[in-house]
1. Filter segment A:465-488 down to residues that are open to solvent by less than 60 Å² (accessible area, probe 1.4 Å) and more than 8 Å from RNA strand B (Cβ to nearest atom) and give me whichever is farthest from the chain's Cα centre (by Cα).
2. Got a number for residues in segment A:300-311 being open to solvent by 40 Å² or more (accessible area, probe 1.4 Å) and either among the small types (Gly, Ala, Ser) or touching a helix residue (DSSP H, G or I) at 6+ places or on another chain (Cβ under 6 Å) (or both)?
3. Can you name every residue in segment A:364-413 that is small (Gly, Ala, Ser), within 11 Å of RNA strand B (Cβ to nearest atom) and open to solvent by less than 50 Å² (accessible area, probe 1.4 Å)?
4. Step by step: first the residues of segment A:256-299, then only those that are assigned by TED's automatic domain parsing to the domain that holds A:Ser53 and of a type in the set (D, E, K, R), then the one that is surrounded by the most Cβ atoms within 10 Å (Cβ to Cβ). Which residue is that?
5. Pick from segment A:322-361 the residues that are among the small types (Gly, Ala, Ser) and open to solvent by 60 Å² or more (accessible area, probe 1.4 Å): which of them is nearest to RNA strand B (Cβ to nearest atom)?
6. Quick one: how many residues across segment A:146-159 are out of contact with any Phe, Trp or Tyr (no Cβ under 7 Å at 6 or more places or on another chain) and either open to solvent by less than 10 Å² (accessible area, probe 1.4 Å) or not in a helix (DSSP H, G or I) (or both)?
7. Given the conditions (1) within 30 Å of A:Glu27 (Cα to Cα); (2) surrounded by fewer than 23 Cβ atoms within 10 Å (Cβ to Cβ); (3) in contact (Cβ under 8 Å) with a residue 24 or more places away in the chain, report the number of the one that A:Phe253 does not fulfil.
8. Does A:Leu432 fit the bill of being surrounded by 13 or more Cβ atoms within 10 Å (Cβ to Cβ) and near RNA strand B (Cβ under 9 Å from one of its atoms)?
Amino acid sequence: MPLYENQELKIYNSLTGTKEIFKPINEGHIGMYVCGPTVYSNVHLGNCRTFMSFDMIFRYLKHLGYKVRYVRNITDAGHLVDDAEDGEDKIAKKARLEKLEPMEVVQRYTLDFHNILEKFNFLPPSIEPTATGHIIEQIEIIKDILSKGYAYEANGSVYFDVAAFNETNDYGKLSGRKLEDMIANTRELTAQDEKKNPQDFALWKKAEPQHIMRWPSPWGDGFPGWHLECTAMSTKYLGETFDIHGGGMDLKFPHHECEIAQAEASYGQSPVNYWMHANMLTMNGKKMAKSTGNNILPGEIFTGENKILSKAFAPSVVRFFMMQAHYTSILDLSDDALLASEKGFNRLMEAFATLQSLTPAGSNSDFDVTNWKASCYEAMNDDFNTPILIAHIFEAVKHINLIKEGKEQISEVDKTQLEETLHAFIFDILGLQQNTGNSKDTEKLSGVVELLIELRKDARVNKDFATSDRIRDQLAELGIQLKDGKEGTTFSIQ
RNA sequence: GGCAUCGUGGCCGAGUGGCUAGGCACAGCUCUGCAAAAGCUUGUACAGCGGUUCGAAUCCGCUCGAUGCCUCCA
């Protein structure tokens, strides 16, 4: 029996603004679409947080036994640089600046994206479709929306008619906006003659002669509008209505609002049952932006080559840091916060290693593992509450250390259950990884340190504390910490 | 200017109308040759001002502040 049958998962649905019990359309199967990156520059750290949240969600859904088709697109057609002025494609512009072919830019930053996600230990999505690979599907949707009267052609471009749509549907229901308010707040856009109304958005945009990325269409050469690719690809791979659609909070309006409008206009039904939005990442209390310099690339955190943080941090430490906050909360990145997370992360990893070497005893345990396990699931079932889960995990850490000290005991059965559960939550669901260096070198190093530990032990027996302290202190300077315990000395490498 | 989310102890960050989040830091204790590690103990915080309530940090209103969106932006 799959796990999900005994678990009641609740998800905060942005569309309704409430936490709802999750029920997939087809029992045991879940379709999930997440808006992926625009590959015209290095992947943004905040973007990584969004994808990491959905990676965790993907992992948990799978853990529960669901068959999940997870689609995360690559936006390689680019968005318009400035719709009102020149209609230039963002990727095409970047290409000209760097004197590259557009697809060369796309390739470079797609590789960067995959490289960073791999370091963060992301699971690959089931399908990673590209916008340029689905031009035909997008054109078909435009034709369909035109035929239903929710769009109009103007000078080689096609625009979605928001006003017409709003007469039969509710434009703005996701972001809590009302069309009349939007109209009232819009400034005069004189250069905007092609559109009937400023709220209208492009489904197809005519390509100017200098525009490099272009495809033929019934309306002439051009390229698809900003929001259409997600509608085309989510529909193609997940159906006209699917379970979960995710993305960053910043995409809620207009992007996701437009997706709903396109799908409803074309298919006559609401495309998504559960809308999920991951919140923003700030740094030192301010929004991250290249323009203000308040920005850091993921790779710069891993190498420590930056002016913001005091040292390098491993991808798993960053991941642990992000998992300590709920995905719907704004999270603030700072040196102090990462330093604190790193210590907590190391303590957790050491406790897990300790657990494996623990000797079970007796038939009773001082730690109610079954109950504890249930509360871990309870935390995750409550809208993927990873910070609460981590709080529970540290409860287990406390008990592991107490058992190690001989102050508590654990039965064989409970030890096995604890180990399995911790493994599932720490590695499978949170996606954390043990920091492992080059294994061959690590082995050699371990041998050397073990030898020094032996020598120090002898010195201590002989009360030669000058020598024993010298070994301990010099190793500490190298970042190797010796830890004296009841069962002997262990060590950890920073 | 409009819409939205939020404002928690030294720092990060959960949470509920009345009962311990957790991590990090700090202090005391246990352990130790001394330390470190580990464990134990302690912190009565919830932006401000009103209101609802027997009772609110948790509900409502206002003020201030932050962040996001309103224009490409994760």
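The values are calculated or read from the model by the stated rules, or taken from the named source; none is laboratory data. None of the values given here were measured: they were computed from a predicted structure. Neighbour counts are summed over all protein chains in view; Cβ atoms, including those assigned to glycine, are modelled from backbone coordinates with ideal geometry. These area figures cover heavy atoms from the full protein model, side chains too; ligands, DNA and RNA do not enter into them. Shrake-Rupley method; radii C 1.70, N 1.55, O 1.52, S 1.80 Å.
1. Among residues in segment A:465-488 that are open to solvent by less than 60 Å² (accessible area, probe 1.4 Å) and more than 8 Å from RNA strand B (Cβ to nearest atom), the one farthest from the chain's Cα centre (by Cα) is A:Thr467.
2. 1
3. A:Ser375, A:Ala379, A:Ala396 - these are the residues of segment A:364-413 that are small (Gly, Ala, Ser), within 11 Å of RNA strand B (Cβ to nearest atom) and open to solvent by less than 50 Å² (accessible area, probe 1.4 Å).
4. Among residues in segment A:256-299 that are assigned by TED's automatic domain parsing to the domain that holds A:Ser53 and of a type in the set (D, E, K, R), the one surrounded by the most Cβ atoms within 10 Å (Cβ to Cβ) is A:Glu259.
5. Among residues in segment A:322-361 that are among the small types (Gly, Ala, Ser) and open to solvent by 60 Å² or more (accessible area, probe 1.4 Å), the one nearest to RNA strand B (Cβ to nearest atom) is A:Ala340.
6. So the answer is 4.
7. Result: A:Phe253 passes all but (1).
8. Against the criterion (surrounded by 13 or more Cβ atoms within 10 Å (Cβ to Cβ) and near RNA strand B (Cβ under 9 Å from one of its atoms)), A:Leu432 does not qualify.
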